[in-house]
Amino acid sequence: MNALLWTVQAVLAAMFAMAGVMKSTQPKDKLAEKLPWVADFSADTVRFIGVVEFAAALGLILPAATGTAPVLTPLAATGLAVVMALAALTHARRKEPQAIAFNTVLLILAAVVAWGRFGPYNF
């Protein structure tokens, strides 16, 4: 189970690191071409979401890998689950069911990591 959790952590970290860098570095107009939901938020809010996603991606791997404050890993996973719940609500309001499904999958994966690392498979 530990290997499975590490794999899920790595996949989530890669996905959220890429998404976080994209949202925090690209202009809102360019993001709106690929991510229509950004039109509903200010540029600063979109940038903040990107920074949060990137920080959580680092938090999924670095604390556990270095042994420095490993409790941050399940906290990062919990934070990502909350972000995905809020994202699903945004997509529900915009009537985007495919995005809701994607957010739900990521939420479940983050919740599994949080459960495993807070519970029976902590560091």
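Regarding LEU60, is this residue touching a residue at least 40 places away in the same chain (Cβ under 8 Å), under 25 Å from TRP115 (Cβ atoms) and touching a Lys or Arg at 6+ places or on another chain (Cβ under 7 Å)? Before the answer, list the steps.
Details: touching a residue at least 40 places away in the same chain (Cβ under 8 Å): yes; under 25 Å from TRP115 (Cβ atoms): yes; touching a Lys or Arg at 6+ places or on another chain (Cβ under 7 Å): no.
For LEU60, the condition - touching a residue at least 40 places away in the same chain (Cβ under 8 Å), under 25 Å from TRP115 (Cβ atoms) and touching a Lys or Arg at 6+ places or on another chain (Cβ under 7 Å) - is not met.
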**Request:** Report, ordered by the first and then the second residue, all pairs with beta carbons closer than 6 Å, sequence separation of six or more or different chains, a first member in region 27-40 that is at pLDDT below 95, and a second member that is basic (Lys, Arg) and surrounded by fewer than 12 Cβ atoms within 10 Å (Cβ to Cβ).
**Result:** none
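Can you say whether ALA57 is more than 26 Å from PHE123 (Cβ to Cβ) and buried (at least 16 other Cβ atoms within 10 Å of the Cβ), as far as the supplied structure shows? If you could, list the steps in order and put the result at the bottom.
Details: more than 26 Å from PHE123 (Cβ to Cβ): no; buried (at least 16 other Cβ atoms within 10 Å of the Cβ): yes.
No.
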**Asked** Of the residues ALA85, ALA101, which single one is surrounded by fewer than 19 Cβ atoms within 10 Å (Cβ to Cβ), over 15 Å from VAL38 (Cα atoms), touching a residue at least 12 places away in the same chain (Cβ under 8 Å) and not aromatic (Phe, Trp, Tyr)?
**Response** ALA85
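Do you know which residues across region 90-123 are in a loop (DSSP other than H, G, I, E, B) and within 30 Å of THR68 (Cβ to Cβ)?
First, the residues of region 90-123 that are in a loop (DSSP other than H, G, I, E, B): 94-96, 119-123.
Within region 90-123, GLY119, PRO120, TYR121, ASN122, PHE123 qualify.
Consider region 23-44. How many of its residues are in a helix (DSSP H, G or I) and either more than 20 Å from VAL82 (Cβ to Cβ) or open to solvent by 50 Å² or more (accessible area, probe 1.4 Å) (or both)?
At the first step, the residues of region 23-44 found to be in a helix (DSSP H, G or I) are 23-25, 28-34, 36-40, 43-44.
Still in the list and also either more than 20 Å from VAL82 (Cβ to Cβ) or open to solvent by 50 Å² or more (accessible area, probe 1.4 Å) (or both): 25, 28-34, 36, 39-40, 43-44.
So the answer is 13.
The values are calculated or read from the model by the stated rules, or taken from the named source; none is laboratory data. The structure presented is a predicted model; accordingly, all values stated were derived computationally and were not measured. No Cβ is skipped: glycine too gets one built from the backbone with ideal geometry, and neighbour counts run over all protein chains shown. Just the protein is used for accessible areas: all its heavy atoms, side chains included, with ligands, DNA and RNA removed. Shrake-Rupley method; radii C 1.70, N 1.55, O 1.52, S 1.80 Å.
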